[in-house]
Amino acid sequence: MSLDILEIRRDFPILSRQVHGKPLVYFDNAATTQKPKALIAALSSFYENHNGNIHRGAHTLSDEATTLVENARQKTADFINAPKPETIVFTRNATEAINLVAHSWGRKFLKAGDEIVLTELEHHSNLVPWQILAAEKSLKLRFIPINRVGDLDLSAAEELFSDKTKLVSFTAASNVLGTLPPVLKIIGLAKKFGAKTLVDASQWTPHFKTDVQDWDCDFLAFSAHKMLGPTGLGVLYGREKLLEEMDPFLGGGDMIETVELETFTPNVLPAKFEAGTPAIAEAAVFPEALNYLSKIGFSAIEAQEKILLRRALEILKNEPEIELYGSALPEGRGGVISFNLKGLHPHDVGTALDLEGVAVRTGHHCCQPLMRRLEVGGTARASFYFYNMLEEVEIFGRALRKTIEFFKPRLKAGVR
Ligand SMILES: Cc1ncc(COP(=O)(O)O)c(C=O)c1O
């Protein structure tokens, strides 16, 4: 089914703005996506009509806000096929969700000599929390390597696992190379060794259908803002039994059942992990984003992104001055492309493209070890979403050509 992109774009007011006098071409969707009118309106409506603190008041506004947040929890559970809303913990973002697991599960259940398997693709969010924990508890971190095109080398992976492996934490989709690791295979491998699994789905849930029961993962983390939702809201799914066994993350209001001067007893799930006033308005309106995605449907989302990806790769491959990272084939990968103009700093590429209205991200993309593996300091990254048009890919191509022409003498010099 092909989408009526022009119709869809009318739902995203920001997409019709201009940048430097040129129509905005927003290709920084892996960083954050734009928001539909329905979500923006719901946010206003929440503050105009329902704003109150949740789980606390005996008054109507508090009740209404509580109902909206708890409905959002149910809706989020349904969206990823979680068995119960209690297995959905609202956090500030995916980063906080992963830190929660490191803190509340890792600190309690891991001991010196235990091993955690990660991959060379990981975002700092799925790296640094484990480094902190490893330093504190004398754990060993092991890494599934990538091959030349950025796929995980699973033949090497087998050797990394042993009965010391207690957790495998990995991204379902790379934010740099677009790699889609074989989630089921990795989870299967982890299970063979009795290890728990955490899937960083930050770049997966916006683009592909997610089913935590099908994957049978122990934890899954993602951010609302990368899937049409508001900033300030993240999601941790956890297997109920594990969440029950884990200690609280932050201490404060709402996460307790009773408090004495010297002690406390924790609240039931998921409140145990939601200390303090949460992102109430953001959670309340998140269903607008989920509804929008469901209405479009993931097969249509995937198909549109593939059209964009295919053409963009074609353009990039045809420019000899461009170095492409990751697979150059549109099949079996996500809509994220990293590239450099040989001899040019990626920030110069980003600035030149911005002058043409084209927004791409430049730098290390919170993946410094991966950059080192690719032997670059950074890359320019174009990332697509279903509301992007083929015409925008053509504008991107023309803007790149212009940039290449402008910097030609420096490109020829081949200075990196
Ligand atoms: C793969 C991946 N993991 C984790 C994150 C962290 O997301 P957030 O900053 O919303 O916590 C990102 C953000 O870019 C990401 O791409």
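Read-outs: derived from the displayed coordinates by stated rules, not from any lab. This is a predicted model, so every value here is computed, not measured. With ideal geometry, Cβ positions are generated from the backbone for all residues, glycine too; neighbour counts draw on all protein chains shown.
Taking the alpha-carbon centroid of each part, what is the distance from region 2-62 to region 241-280 in angstrom? Rounded to whole Å, the Cα centres lie 31 Å apart.
Among 195-201, 309-315, sorting by the average number of other beta carbon atoms lying within 10 angstrom of each residue, highest first, gives 195-201, 309-315.
With the convex hull of the Cα atoms taken as the outline of the chain, the averaged projected area works out to 21.5 nm². What the Kirkwood sum gives for region 51-294 is a hydrodynamic radius of 18.5 Å, with every pair of different alpha carbons counted.
Over the chain, what is the percentage of antiparallel beta bridges among all DSSP beta bridges, to the nearest 5? Of those bridges, close to 60 percent are antiparallel. Kirkwood's formula applied to the C-alpha pairs of region 136-239 gives a hydrodynamic radius of 14.6 angstrom. Each 5 Å bin, from zero up to the one with the longest distance, holds this percent of the alpha carbon pairs of region 281-405: 2, 10, 19, 20, 18, 13, 9, 6, 2, 0. The orientation-averaged projected area of the convex hull spanned by the Cα atoms of region 53-128 comes to 7.2 nm². Within straight-line reach of residue 402, meaning a Cα separation under 17 Å, sit the following lysines at least 8 residues removed in sequence or on another chain: 22, 317, 342, 412. Each Lys and Arg adds +1 at its Cβ and each Asp and Glu adds -1 at its Cβ; summed about the Cα centre, region 144-298 shows a dipole of about 640 debye.
Over the chain, what is the relative contact order in percent, taking alpha-carbon pairs closer than 8 angstrom and at least six residues apart? Relative contact order of the chain: 22 percent. Given their separation in residues at 0.36 nm each and the Cα-Cα distance between them, residue 373 and residue 51 gain 111.1 nm when the chain is fully extended. Assuming charge only on the beta carbon of Lys and Arg (+1) and of Asp and Glu (-1), the dipole of the chain about its Cα centre is about 1300 debye to the nearest 20.
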